[in-house]
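Input: a single structure, listed below in structure tokens.
The values are calculated or read from the model by the stated rules, or taken from the named source; none is laboratory data. The structure displayed is predicted, hence computed values, not measured ones. Cβ atoms come from the backbone with ideal geometry, glycine included; neighbour counts cover every protein chain shown.
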Amino acid sequence: MKLKNAMLSLSVCALLFSTSCKDEAKETEQEMEMTEEVVEMEVEEELTEIPTIAGVAMSNDSFSTLVAGVKAADLAETLNSEGPFTVFAPTNDAFAKLPAGALDNLLKPENKEMLKSVLTYHVVAGKFDAAAVMTAIEENNNAFVIKTVQGETLTAMMKDGKVMLKDANGNTSTVVMTDVEASNGLIHAIDTVVMPKK
């Protein structure tokens, strides 16, 4: 009888141990699957991570002339930095409006500082979406003065429901696309290159 009981006890123990091992193996398998899922999600997040302002511009054919200018002026590193920045980015059509030969002249190595001045005149420190710009315009009697990274100012105003920028020379540009997200700021596309005085 004692032997029978001992055998029964051993059988129960073996069954419990076997079930416990199976449960542990199942838990380990589930944990591994969960870990794989987390790693996959992290990889996907990295792949879908928003690029910097420079990266966004480089991936958009409408800004290829601007990108050429940014590279010639050695500003790619600045537009890849932490920021945040708001860039009023001239489209290719905006650059095409410049007087004949003006762009080629700006892209010459000897005119690098002038090019840098023109391009940084389109950059503002801080992140200002379209709604914030429009609110600022309203609060400043339709003349919101913006200090650029270049040092001079632009004046933002509303005309016929559109945001316009007036440069230091009195010329205007219209914002044609707003709130293009980048990891270090925002891009608003404009239809005319704005020019500083200096």
Residues of segment 161-186 being over 13 Å from Ala94 (Cβ atoms), touching a residue at least 60 places away in the same chain (Cβ under 8 Å) and hydrophobic (A, V, I, L, M, F, W, C), which ones? Val180, Ala182, Leu186
Output yes when any residue across segment 171-193 is under 16 Å from Ala68 (Cβ atoms), surrounded by 19 or more Cβ atoms within 10 Å (Cβ to Cβ), within 23 Å of the chain's Cα centre (by Cα) and of a type in the set (Val, Ile, Thr), and no when none is. yes
Identify, from the list Lys112, Lys162, Lys116, the residue that is over 20 Å from the mean Cα position of the chain (by Cα), of a type in the set (D, E, K, R) and under 15 Å from His188 (Cβ atoms). Lys162
Which residue pairs have Cβ atoms under 9 Å apart, sit 6 or more places apart or on different chains, and have a first residue in segment 134-160 that is assigned by TED's automatic domain parsing to the domain that holds Met177 and on the phi > 0 side of the Ramachandran plot and a second that is of a type in the set (S, T, N, Q) and in a helix (DSSP H, G or I)? Gly151/Ser117; Gly151/Thr120
Could you tell me which numbered condition Thr178 fails, if it satisfies all but one of (1) in contact with a His (Cβ under 7 Å, 6 or more places away or on another chain); (2) outside the structural domain of Leu66 (by TED's automatic domain parsing)? (2)
Can you report the number of residues in segment 55-105 which are among the hydroxyl-bearing types (Ser, Thr, Tyr) and either in a loop (DSSP other than H, G, I, E, B) or not assigned by TED's automatic domain parsing to the domain that holds Lys116 (or both)? 3
Would you mention how many residues in segment 77-97 are buried (at least 18 other Cβ atoms within 10 Å of the Cβ) and under 14 Å from Val193 (Cα atoms)? 7
